[in-house]
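Data block below; observations after.
The values are calculated or read from the model by the stated rules, or taken from the named source; none is laboratory data. Predicted model only: the values in this text are computed from it and were never measured. FYI the Cβ positions are ideal-geometry reconstructions off the backbone, even for glycines, and counts take in every protein chain you see. Surface areas here come from the heavy atoms of the whole protein model, side chains and all, with no ligands, DNA or RNA. Shrake-Rupley method; radii C 1.70, N 1.55, O 1.52, S 1.80 Å.
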Amino acid sequence: MANELHETIVMAKQERHKNLFLNYRNLINFPAELLKGEGLQFLERLYMKRNSLTTLPDNLAQQLPNLIELYLHSNNIVMIPEAIGNLARLQSLDLSNNSLLHLCPEIGRLRSLRHLRLSNNHLKSLPAEIGDLKDLETLEISLNKLVSLPFRLHRCISLQTLIADHNKLSYIPRHLCLLHRLNQLSLAANQLTYLPPDLGRSRELQFVFVDSNEDLKCLPSYLYNKVIGCSGCGLSSRSQQVDPDDELLYGVLPAEVKVVASETNSVVPLEELAMRTLHLLHQHRPADPYLLPAITLPRTLLDLLQFPLGHCHCCSQAMFTVVYPKCFPLRETALADVHRRTTVSFVAYCCSSQCLQRFNLQ
């Protein structure tokens, strides 16, 4: 086996291969021959699936500077070195089915990265620096132990596919609704209790899978007419039926919501009106230098000002602390015949009693 490996590497150097396949070689350590001398600096794709590697060498980028794809699926890798950030041309990194406990912040230096696969590891968190990956299109992080997603993930402006099934997520940041290229979002088998009111507002988002989130009782009405998977959510059809309005009250809303209003609440609280006005000023500031001086607010309040709780499902007004919810039972939707075993409802979040009365599912 050692002689065969040696011959494979020697031939790759002599013939200047761009692709090198070292799958199923029972490798415990990274082959030293790959990192000796020159000859493999032209290598673009390295495949090392199903070996027993536990780490990567620090000088990987120095010896293999032109790597575009690094495929390390199904090894025993516990950590990757900080030097991983030096692979300037890397576009695809697959570390699925390993033993990763931690992902170093230097992953954010892989500015050419388009596909990052980390499924089936032991990750409890992701570094905030992952938000620096502006060209990232695919992020697969299923089968980990994640309890939250980085708020800065919304900076991955090219992200199209996010798959985070089988984790321990109880919520997803509303900032993710700003990913306007996101086409597929899969969050099945987590611990979700609610979804951001704006989820589905982007026309690009067409596929949303939240199956097997038992405490998720309502889906934002922006998801209506999207391709949705919600089997195993909400209450079983065999259990006692709950009035949709009561079900909404039993559900969980974002912590910022201070008032759950109804058609009889025609006056919007002053705090909410002030936030809406400040939000408009904040939005138009870059285009108009003659507006009021920079707004000084506590950090948490400024974050809310920049990233509203959601937008009215009727008129698109930004909302911050008050919502007017309107519930639509599943039996009234096109999904009723598909998901007979669930009682998940759609809920519209409106900004006023007037919008609440006007809104209806189309």
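Quick notes on this structure:
- Residues in the stretch 331-362 that are among the polar types (S, T, N, Q) and open to solvent by 30 Å² or more (accessible area, probe 1.4 Å) were compared, and the one that is modelled with the lowest pLDDT is Q362.
- Comparison of L40, L56 shows that the only residue that is part of a loop (DSSP other than H, G, I, E, B) and within 28 Å of H102 (Cα to Cα) is L56.
- Number of residues in the stretch 100-121 that are in a loop (DSSP other than H, G, I, E, B) and touching a residue at least 24 places away in the same chain (Cβ under 8 Å) equals 10.
- Among strands (runs of 3 or more DSSP E) entirely within the stretch 152-237, having at least 1 residues that are of a type in the set (S, T, Y) singles out 161-163, 184-186.
- Checked across the stretch 78-86, the condition of being in a loop (DSSP other than H, G, I, E, B), over 15 Å from E106 (Cβ atoms) and in contact (Cβ under 8 Å) with a residue 24 or more places away in the chain holds for at least one residue.
- Considered as a group, the residues in the stretch 31-54 that are of a type in the set (A, V, I, L, M, F, W, C) and under 32 Å from the mean Cα position of the chain (by Cα) include one that is surrounded by the most Cβ atoms within 10 Å (Cβ to Cβ), and that residue is M48.
- Counted residues, the stretch 190-229 - those being crowded, with 21+ Cβ neighbours inside 10 Å and at pLDDT below 90: 2
- Residues of the stretch 1-21 that are under 18 Å from Y71 (Cα atoms) and in a helix (DSSP H, G or I): L5, T8, I9, A12.
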